[in-house]
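Visitor: Would you mind keeping the following structure in view while I ask a few things?
The values are calculated or read from the model by the stated rules, or taken from the named source; none is laboratory data. The structure displayed is predicted, hence computed values, not measured ones. All Cβ positions, glycine included, derive from the backbone under ideal geometry; neighbour counts span all protein chains shown.
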Amino acid sequence: MISMRSICIFFLLACIIQLSACKKFVELPAPQEQLSSATVFADDKVATSAITGLYTQIMANNNSFLNGAISVYAGLSSDELTGTTLPPFIPAFATNSLTNDNPVVSSLWTNAYTYIYQTNAILDGLRRSDKVSKPVKDQLQGEALFVRALCYFYLVNLFGNVPLPLTTDYEVNATLPRVATDSIYNRIIPDLVSAENILSADYVVTSDFPADRVRPNKWAAAILLSRVYLYQRKWGSAESEAAEVIDAGIYSLDTVPNVFTKASKEAIWQLMPVSSTSNTSEGNCFIPATPATLPTYSLTAQLLKAFEPSDRRRSGWLGSWSSGGDTNYYPYKYKVREGAPPYAEYNLVFRLAEAYLIRSEARAWQNDLRRAQDDLDSIRSRAGLGKDSSTDQSSLLSAIAHENQVEFFAEWGHRWLDLKRTNRANAVLGSLSWKNWQPTDTLYPIPKEELSSNHNLVQNPGY
Amino acid sequence: MKLTTILLVATCLQVNLKGFSQDLGFSWKNVPLIKVLSDIEKKSGYVFFYDYIIFEHDRPVTLEIKNVSLRGLLDSLLKSQGLNYKIAEQTIFLTRNPLWTAHPVPSPPPEMTFKGRVTNEKGEPLAGATALVKGGIKAVRTEADGSFELKLAVPNIVLEVSYTGFITRQIRMSGGQSLPVILAIHVNPLDETVVIAYGTTTKRLNTGDLATVTSKDIGQQPVSNPLAALEGRAPGVLVTQANGFPGSAFKIQVRGQSSIGSAPGILPPDNPLFIIDGVPFAPDNNSLQIIATSALGLQGRSPFNSLNPGDIEKIEILKDADATAIYGSRGANGVVLITTRTGKPGKIKFDAQIWSGVSSALSNTRLLNTKQYVTMREEALRNDGLLIDEANAPELVLWDTTRYTDFKKLLTGNAAHQTDVHASASGGNANTTFILSGGYHYESTVIPGDFGDKKETVHFNFNHYSDDHKFKMTLTALYSTDHNKLVTQDMTINTFLNPNAPKLYDPSGNINYIENGLPFANPLFQLNRKYSATTDNLIGNLRLGYQVSPNFSILSSFGYNSLQSSEVAIKPLSSQIYSTTASSEFGTNDFKGWIIEPQIEYHSSPGKGKLSLLLGGTFQSQNNNASDINASGFTSDALIYSISAATTVTASNYNPQYRYAAIFGRMNYDLSDKYIINLSGRRDGSSRFGPGRQFGNFGAAGGAWLFSNEKPVKDKFKFLSYGKLRASYGITGNDQIGDYLFLDTWTSTDNQGVYQGISGLRPTRLYNPDFNWEVTKKIEGALELGLNKDKLLFTAVVYRHRTGNQLIAYKLPAQTGFSSLATKNFPAVVQNTGWEISLLSKNIVSDKFSWTTTFTITLPRNKLLAFPGLESSSYSGTLTIGKSLTSKRTLHYLGVDPATGLFRAEDYRPSGNYDPDYYGGLRNSFTYKGLELDLFFDYRRQKAQNPLILIYNNNPPGVYIGNSNQPVSVLARWQKPGDKADLQQYSSNPGSAAYNAISNFTSSDAIFVDGSFIRLRTASLSYSFQKNTLKKFHAERLRIFLQGQNLLTISPYKGADPETQNPLALAPLRAFAAGIQITP
């Protein structure tokens, strides 16, 4: 029994030693099917998954923030689209009678901040990590800064002042109040400047997709930056950023039928679909299911009137549906409604035409009318239209605004944002009888549940 | 001593006429004087005369002498003994020399050693047992290994051995003997051993609160899930069955809902901690089901169905702080200890039991017949102003409106069969005991087809002591394999198919799905959608102990549990009406856990008290590995089980781990079995909390005063045989919130699609390291009384549990990136208070006939005491301060408007809750010779959800969709203006005013109806054959029995079973069984 005794005592001692290691014992790594932040940013490959996961999420649902929703809902809010046979919370956009419990508004807000969190988490993870190689780190940081800036850009343009979380600390983020639009631009601009600096000029491609422009590069940051400068009325900066894109040498204006194809020569950044049943969200929701089906969204008479005769875009980018003498037109920039991979069309976020129109407008404001007109005419000639005939600054600016309307209709809310930034919304939309326009309608309501879960938030006027 | 005197006197009276002789010779070595004297008498013929006191200081004699005269002999013999002698004729008178003193006597009187070891029937030592020498000379207590040693200068003694909880024994012992003393357990329930955390005590001496359900209670019930056997049996423990399918879940809560929860309106299960033979049951009481749907419903499959009730010795439920605190963090919601059977010393005993039974679904949901159905539909269409045509009422136009099929009878009306076999072999000797048992249980179900549950179990227990009883080893193993075969959907919902639905088979014998162009959901298709699950469960525990010294022992237990569940559900082509492909789903859910618990024990008996100290540690680790695979696109049923034959496969898996470590200590001091205090404390660490937050300190104090052991009470209140006041207070913790909630984790996005051919990740959790233990403070007081020699035992308990630092999942603003819920400690407090009263009365006890009654009642109250910031939280709509957690805010129902025939309601307000007002059980047991009758009723007074709420939410009366039949209770509807009806007018039209008014009913306080019930839960009649008959059968024991479960229910609740409260789920089964038990 002596041996038994010694075994037992030995065992007991072992247990006591174990007890002192208690603390270690109850510290567990993340479960196998999930990764902790530290592991995500421990090598180039997994870190890259964090950014592709962000794009997957953006593209996972049609009609969501950054995937079609802004084209549709901001289109309805402005004067380009109307909706038919829809649940009532969608026509509320067209009649500018949103309420604070509108589920679409809520999902725009929620999606934006979900993506912002992911960019913050990526930036945070990369900052802490010393295991991701410099080129990959730069590229991923640049992409995250760029996507975060893009999210904030649309948030301020849809909602006005918004909270500006820049970390992953939920305790801090949960109580942040809304921040003035200017402060947000003051964050967006340096972020885009550094994104432009660290992003590579070449597109990041994979062997499966060797020619795709589905990851943001230097010029994607530049075009967004030039747009931001334009919105900030910093004409010189807007012009030079746009010029950089135009002069990059890898983009050219494509023919009207080719603009929205996967291989578009003017694509600066496209989002690749991930759905197994559809390509782009716009294609899926604008194109009717069958030729006999009434289009869900129709173009307004105002927009149709805006097209000049012989505009190639009218014939190339509009679809029509007729029934008993009644004709409805719908956006037909994308041609594919349904379809499994491989995809024929990608979601085109930034394209070269915008750089021309930004530079044109920036030059016009700087009274460089001739060169402004050159840029405008580049777009017009691609549409098969003659040169612009404006003779003074204000008529040129009107012409540029008009060109924006017909070039970017039903695309990323360009019209809605333009009307607001140029202070024409009250005049243009207030004059439409079917709009229930009030000056406070330029901003969407802050979702009700956000106000209740963060008491530091204040509602926009009019809601 | 008395005996010696008599012998001596008898000797003195002897008359010996033998003559004097000079040639005497003797040789003694350590011979008692009395023997020496008797030797002399025999040889000399002289007789000694003396008083026995002369032996007071006698010493054994060692003397060798030859050829000596009597006087010479006496001189040399008696001088040293301090005795004088005088010879007169043939008699020698002995007297004590008055000058002689014992002082100079060098050697003490000879002492005899009496040794023994006291054990229970299992051979386990009883430490602290009293061994008292009859006559009151001396008493000793047994050591920790049960041994005792007495030294007395007497040759023989009668020893009285007593130990609390055991029957006192008297044994005769001779000096130098070493005897084992086995004590039998006392029949008084107060003295039954109860298992407390890491030890045992008796109900009498326990300072904590626990409820016990014994193997006898369990064995009387024809059930396959041990949790089923607990229903109504234990005060403070509410057990509710989910439905009547074999393998279904049981909800079990000890003293109410204490946690607020994981989402508004969803209360966490608050499961107690389950420990089976010292091993925490890895899956807890969580569902094993991974697959999306099965007939078992939302609550899924019970892991406890893998246990065999026949292997269980007893189930104990620890409730108060004193009893549960030693389990620390895991004990906040109570602890359920399941102990399996052990062998008893003796020759090998075989025991076999077999029973078989029939069961049918309990239900008072009667459905409309075709005539009533057609009338309902016609009336609904008329109310809506709609024509009875193909568009509005296709089933009335296209199908025969006189045909009637009783789908209830067809789909859930079968008799289910049960067969159960259990056999065991047990035995052993004082050092080693064992039991080995095997079981088989099969039960089918009430739906047609080859469905049911089959279970095979093996149980093994081995106990061994070394010869010196210092080393002890116990090995327990339980293994079971359970096969559950069901459909993927509870067929009860299909019983609501229109009673005039077309024939189920077409004329050529195929399953019919259409008549006159109108298809219908033939339930036979549904019956082809099969679910099957296999559960393999292994629980093993090894316990090693070593007695280092009489006071100290060290021991450790090593436990292991592995439960593996695999499931498959198929939707073959034969179950598809429209789809041309088949699909299947595969789930696995494996749990593995181990636990190591080293302990040191110290026992001592200072003065009149008994002190025991325990110091120990726990290391526990649990892994769960779950996966779910959906395979679809099969074009043939032949390959439906082959995932690789599918065209589309989606999969997900989940692999959480849990670790738990603790150090604990307990001190118990018992002074004269009158005053007992029990203190415990522990430090717990759980992996569910973030860095720096893992550990928490918990502790409890309990005290008991057995006032009936006080002399004044004993003298004055003779009728009071037992009286105890006890109280406890303590703090326990809860970490039942799910794993990894503090960790920021990323999960694959590949199920949403792949971007650029690169797998994606998304953040799935926030870094949230700041929450920690939810804390329950428990306070309890109890009075326990035994009257009339404990023939009436009464216990009243009052308790208050307050759970604070609530772990609540609350909604974050979306700007954090997570609009989902994050867990945080809130200073909200939930209070559970209540009374628990139990009575045990031996009404009649005689040799032939006995009648015992047990009655328990629990009166629980649940209340949200505080919730700072409730109004602004996402819980504002579901909780109200001062009300129960289950209380609802609803509209106030105003009945049916006699003018319009529509439901009316007004404003939202707090309106009631589903907590039971009281519940309990009443049991009467009768025995007459070998005959035993046991009747157990359980009862509950409660509000239940009106079964019509589910009916109206699912499919309001008058509407035609798939399963549009209705319970007969919908006949109480409004028909014409002026009617005062219970229910509003029928409507067939989802756009009608009546349709819109439904929420006035379903969202109002009309959801509450009286759901009270009294149920004859168990009736058991058995007969054990008497000795004479047994001889004929060469059996030691032969018993036959009849059992019934859920035989009778008295309830005002109509339309569903008052326990499951769901008209769309299969009600619990009523079972009858008959069986035989034989011990050859």
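Visitor: Taking into account only those residues within segment A:311-343 that are outside any strand (DSSP E or B) and of a type in the set (Asp, Glu), which is nearest to A:ALA410 (Cα to Cα)?
Guide: Ranking the candidates gives A:ASP311 first.
Visitor: Let me confirm something: among B:LEU783, B:LEU787, which residue is modelled with pLDDT of 85 or more, under 24 Å from B:SER680 (Cα atoms) and touching a Leu at 6+ places or on another chain (Cβ under 8 Å)?
Guide: Being modelled with pLDDT of 85 or more, under 24 Å from B:SER680 (Cα atoms) and touching a Leu at 6+ places or on another chain (Cβ under 8 Å) holds for just one of B:LEU783, B:LEU787, which is B:LEU783.
Visitor: In this structure, is B:LEU387 outside any helix (DSSP H, G or I) and either buried (at least 16 other Cβ atoms within 10 Å of the Cβ) or within 30 Å of the chain's Cα centre (by Cα) (or both)?
Guide: No: the conditions fail for B:LEU387.
Visitor: Determine the pairs where a residue that is within 14 Å of B:ARG1070 (Cα to Cα), located within segment B:348-376, has a partner that is charged (D, E, K, R) and assigned to a loop (DSSP other than H, G, I, E, B) with Cβ atoms under 8 Å apart, the partner being 6 or more residues away or on another chain.
Guide: Cβ pairs passing all conditions: B:LEU362/B:ASP1057; B:SER363/B:ASP1057; B:ASN364/B:LYS1054; B:ASN364/B:ASP1057.
Visitor: Going by the conditions given, is A:LEU76 under 14 Å from A:VAL274 (Cβ atoms), of a type in the set (A, V, I, L, M) and more than 9 Å from every other protein chain (Cβ to nearest Cβ)?
Guide: no
Visitor: Across segment A:438-463, what is the number of residues that are in contact with a helix residue (DSSP H, G or I) (Cβ under 6 Å, 6 or more places away or on another chain), assigned to a helix (DSSP H, G or I) and surrounded by fewer than 17 Cβ atoms within 10 Å (Cβ to Cβ)?
Guide: 1
Quick grid of which residues meet (1) within 13 Å of chain A (Cβ to nearest Cβ); (2) buried (at least 18 other Cβ atoms within 10 Å of the Cβ); (3) in contact with a His (Cβ under 6 Å, 6 or more places away or on another chain); (4) in a strand (DSSP E or B):
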residue: B:GLY587; (1), (2), (3), (4): no, yes, no, yes
residue: B:PHE591; (1), (2), (3), (4): no, yes, no, yes
residue: B:GLU601; (1), (2), (3), (4): yes, yes, no, yes
residue: B:TYR660; (1), (2), (3), (4): yes, yes, no, yes
residue: B:MET667; (1), (2), (3), (4): no, no, no, yes
residue: B:PHE689; (1), (2), (3), (4): yes, yes, no, no
residue: B:ARG693; (1), (2), (3), (4): yes, no, no, no
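Visitor: In segment A:398-410, is there at least one residue being away from chain B (no Cβ under 14 Å), surrounded by fewer than 18 Cβ atoms within 10 Å (Cβ to Cβ) and touching a residue at least 12 places away in the same chain (Cβ under 8 Å)?
Guide: Yes.
Visitor: Related question: Residue check: is B:PHE719 among the aromatic types (Phe, Trp, Tyr), under 38 Å from the mean Cα position of the chain (by Cα) and crowded, with 18+ Cβ neighbours inside 10 Å?
Guide: So B:PHE719 fails the test.
Visitor: Tell me, which residue of segment A:34-73 that is hydroxyl-bearing (Ser, Thr, Tyr) and assigned to a strand (DSSP E or B) is nearest to the other protein chains (Cβ to nearest Cβ)?
Guide: A:SER36
Visitor: Another question, then. Just wondering, is there one or more residues in segment B:814-822 that are part of a strand (DSSP E or B), within 14 Å of another protein chain (Cβ to nearest Cβ) and touching a strand residue (DSSP E or B) at 6+ places or on another chain (Cβ under 9 Å)?
Guide: The answer is yes, given that some residue of segment B:814-822 is part of a strand (DSSP E or B), within 14 Å of another protein chain (Cβ to nearest Cβ) and touching a strand residue (DSSP E or B) at 6+ places or on another chain (Cβ under 9 Å).
Visitor: Quick check on my filter: what residues within segment B:741-798 are surrounded by fewer than 22 Cβ atoms within 10 Å (Cβ to Cβ), facing chain A (nearest Cβ under 8 Å) and aromatic (Phe, Trp, Tyr)?
Guide: Matches in segment B:741-798: B:TYR767 only.
Visitor: Tell me, please, whether a residue that is of a type in the set (A, V, I, L, M, F, W, C), at pLDDT below 80 and not in a loop (DSSP other than H, G, I, E, B) can be found in segment B:135-149.
Guide: Checked segment B:135-149: at least one residue is of a type in the set (A, V, I, L, M, F, W, C), at pLDDT below 80 and not in a loop (DSSP other than H, G, I, E, B).
Visitor: Looking at B:ILE1078, is it crowded, with 18+ Cβ neighbours inside 10 Å, in a strand (DSSP E or B) and not small (Gly, Ala, Ser)?
Guide: yes
Visitor: Can I ask one more? Any idea how many residues of segment B:1034-1065 are aromatic (Phe, Trp, Tyr), more than 17 Å from B:PRO916 (Cβ to Cβ) and either out of contact with any strand residue (DSSP E or B) (no Cβ under 8 Å at 6 or more places or on another chain) or assigned to a loop (DSSP other than H, G, I, E, B) (or both)?
Guide: 0
Visitor: Hey, does segment B:635-650 have a residue that's under 28 Å from B:ASP277 (Cβ atoms) and within 14 Å of chain A (Cβ to nearest Cβ)?
Guide: no
Visitor: Regarding B:ASP270, is this residue part of a loop (DSSP other than H, G, I, E, B), in contact (Cβ under 8 Å) with a residue 40 or more places away in the chain and out of contact with any Lys or Arg (no Cβ under 9 Å at 6 or more places or on another chain)?
Guide: Against the criterion (part of a loop (DSSP other than H, G, I, E, B), in contact (Cβ under 8 Å) with a residue 40 or more places away in the chain and out of contact with any Lys or Arg (no Cβ under 9 Å at 6 or more places or on another chain)), B:ASP270 qualifies.
Visitor: Say we look at segment B:355-369 and pick out the residues that are more than 17 Å from B:SER444 (Cβ to Cβ) and either crowded, with 19+ Cβ neighbours inside 10 Å or under 26 Å from the mean Cα position of the chain (by Cα) (or both); which of these is modelled with the lowest pLDDT?
Guide: The qualifying residue modelled with the lowest pLDDT is B:SER363.
Visitor: Any residue at all in segment B:703-713 that's small (Gly, Ala, Ser), modelled with pLDDT of 85 or more and either surrounded by 24 or more Cβ atoms within 10 Å (Cβ to Cβ) or not in a strand (DSSP E or B) (or both)?
Guide: Yes; the residues of segment B:703-713 include at least one that is small (Gly, Ala, Ser), modelled with pLDDT of 85 or more and either surrounded by 24 or more Cβ atoms within 10 Å (Cβ to Cβ) or not in a strand (DSSP E or B) (or both).
Visitor: Of all the residues that make up segment B:543-585, how many are closer than 30 Å to B:THR474 by Cα and not charged (D, E, K, R)?
Guide: 22
Visitor: If you don't mind, there's one more thing I want to ask. Among the residues of segment A:314-347, which ones are in contact with an Asp or Glu (Cβ under 8 Å, 6 or more places away or on another chain), crowded, with 22+ Cβ neighbours inside 10 Å and not polar (S, T, N, Q)?
Guide: A:PRO331, A:LYS333, A:TYR334, A:TYR346
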